[in-house]
Amino acid sequence: MSATELSMIAYCDLAGFVRGRSVPASDVEARTAGVGWVPANQAINCFGALAEPNPWGPVGDRRLLPDHETRVRVVGTGDRPPLDFVLSDAVHTDGSPWDACPRTFLKRAVDALRAETGLRLMAAFEHEFQVVAMVPHTFATPEGPFTLQAQRDAEPFAGLLHGALAEAGCEPEMILPEFGPAQWEVVVRPAEGIRSADRAAILKEVVRDVARGLGRRATFAPLTAPDGIGNGVHVHLSLLDDEGRNVLHDASSAGGLSALGGSFAAGLLRHLPALLAFTAPSAISYLRLTPHRWSAAAAALGYRNRECAVRICPVAEMAGGDLGRQFNLEYRALDATASPHLALGLLVRAGLAGIREELATPTILDRDPGELTGALPGDLPAALAAVTADGVLRSWLPDELWDCYRSLKAAELAEVEGLDATAACQRYTAVL
């Protein structure tokens, strides 16, 4: 008997997991009404538990409506079938948008940016992760930060991953062995609006699939051990006008940051305490956001400064041409426990708020901020409390989305309550 090739009509949820329902791959295009979905599925946390109470319980129905432009089909190796899935919006049964859908939330944020400023969002997610052997659970390559030896020892992993990401439409630019044991970083080209967050969701599934095909396992846990090297996700942001000019750039200003760009950065920093509830949303995320980890310990704007939550990235003057095409702001206080769509939507809203209020450019740090931590919450409960305290940010969140998210995170925290830092890191590493 031959196996049926399947494709998942998939949904990237509030926990950042891709879940869905699989159908014969040949049927996907014909499913114009998508597949059925249970609204309470939105309340499944990263450990696979259903958070209760949640806004829906056993009541109600939704549809997963596929966006066929996101269809991924990566041909498998050996006897493995292709990796095939398509991302979807969760909608009401009449096709109308569902307020609790993270993808819908991001679409509305991008539309608001366009309506108020006439600008288009370009963004790219830069991921770090580690690869471990299936059995035993040890790092799959020797230590060797940035070395050719580390890349070669892991082959054919890096080459297969680059090819798979290209086949999936992620436009990979670089893959490199990072500082930690068996740690890798993948950089992809920027994409406009929602496509950038789609790529972030797709990338994680492709990485996992390539690793699995080699008898390994990829983990995107923020930390695999409390004293280990962290795995972050950095979001690179640019705003373009209708002529394609990057309005964040002004070569005559400090750091090359325009006044509008300064206002955008100021909006991110003003709302940073509450943003962290969505961009660093796990119990172990805050172990990484500490000084001298090169993560984002300082609630500050840095000029090429990797300790700051928001960084002005370098441009290569030697490349010539329009330097604005390279220029971007990097939001560093993010990890892969976040929903990429919800997180990016909130970053857009926060930056837009800064533009709307014409906030002054924050002080730009061009030195190691040392112990400067600003207003960063120390843990996830403090960040969730900051959402309630930040009435502006809270107003951007539809009630049922926030109610579900708050319950989701309470259930997640309960799963690791009483565990020491080492055990908590192990718990997350096992599922991420």
Within the bounds of segment 178-199, is there any residue that is surrounded by 18 or more Cβ atoms within 10 Å (Cβ to Cβ), of a type outside the set (Lys, Arg) and on the phi > 0 side of the Ramachandran plot? yes
Quick one: would you say Arg288 is of a type in the set (Lys, Arg) and either at pLDDT 85 or above or crowded, with 24+ Cβ neighbours inside 10 Å (or both)? yes
For segment 316-335, how many residues meet the condition of being among the aliphatic types (A, V, I, L, M), touching a residue at least 40 places away in the same chain (Cβ under 8 Å) and over 14 Å from Ala254 (Cα atoms)? 3
Hey, Asp67 hits all of (1) within 19 Å of Leu342 (Cβ to Cβ); (2) surrounded by 16 or more Cβ atoms within 10 Å (Cβ to Cβ) but one; which does it fall short on? (2)
Identify, from the list Ala112, Ala90, Ala123, the residue that is crowded, with 21+ Cβ neighbours inside 10 Å, in the same structural domain as Glu205 (by TED's automatic domain parsing) and either touching a helix residue (DSSP H, G or I) at 6+ places or on another chain (Cβ under 8 Å) or in contact (Cβ under 8 Å) with a residue 60 or more places away in the chain (or both). Ala123
Segment 386-420 - residue that is of a type in the set (D, E, K, R) and out of contact with any helix residue (DSSP H, G or I) (no Cβ under 8 Å at 6 or more places or on another chain) and, of those, nearest to Trp98 (Cα to Cα): Glu400
Hey, can you tell me all the residues within segment 314-366 that are at pLDDT 95 or above, touching a strand residue (DSSP E or B) at 6+ places or on another chain (Cβ under 7 Å) and not in a loop (DSSP other than H, G, I, E, B)? Leu329, Glu330, Tyr331, Pro340, His341, Leu344, Leu347, Val348
In the list Ala211, Ala201, which residue meets the criterion of being under 13 Å from the mean Cα position of the chain (by Cα) and in contact (Cβ under 8 Å) with a residue 40 or more places away in the chain? Ala201
So which of Leu239, Leu275 is crowded, with 24+ Cβ neighbours inside 10 Å, in a strand (DSSP E or B) and touching a strand residue (DSSP E or B) at 6+ places or on another chain (Cβ under 9 Å)? Leu239
Taking segment 242-270 as the search range and keeping residues that are part of a loop (DSSP other than H, G, I, E, B) and either at pLDDT 95 or above or more than 17 Å from Val315 (Cα to Cα) (or both), which one is nearest to the chain's Cα centre (by Cα)? Leu248
Enumerate the pairs (first residue in segment 14-35 and part of a strand (DSSP E or B); second residue anywhere and at pLDDT 95 or above and of a type in the set (Lys, Arg)) with beta-carbon separation below 6 Å, excluding pairs fewer than 6 apart on the same chain, so at least 6 apart or on different chains. Val35/Arg21
So which residues in segment 162-177 are farther than 20 Å from His236 by Cβ and buried (at least 22 other Cβ atoms within 10 Å of the Cβ)? Ala164, Pro177
Being among the aliphatic types (A, V, I, L, M), assigned by TED's automatic domain parsing to the domain that holds Gly418, over 24 Å from Pro190 (Cβ atoms) and surrounded by 21 or more Cβ atoms within 10 Å (Cβ to Cβ): is that true of Ala280 here? no
Whether any residue in segment 380-403 is in the same structural domain as Ala277 (by TED's automatic domain parsing) and either at pLDDT below 90 or under 17 Å from Arg293 (Cα atoms) (or both) is what I want to check. no
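The values are calculated or read from the model by the stated rules, or taken from the named source; none is laboratory data. Keep in mind that what you see is a predicted model, and the values were worked out from it rather than measured. Reconstructed Cβ throughout: ideal geometry from the backbone, glycine too, with neighbour counts over all protein chains shown.
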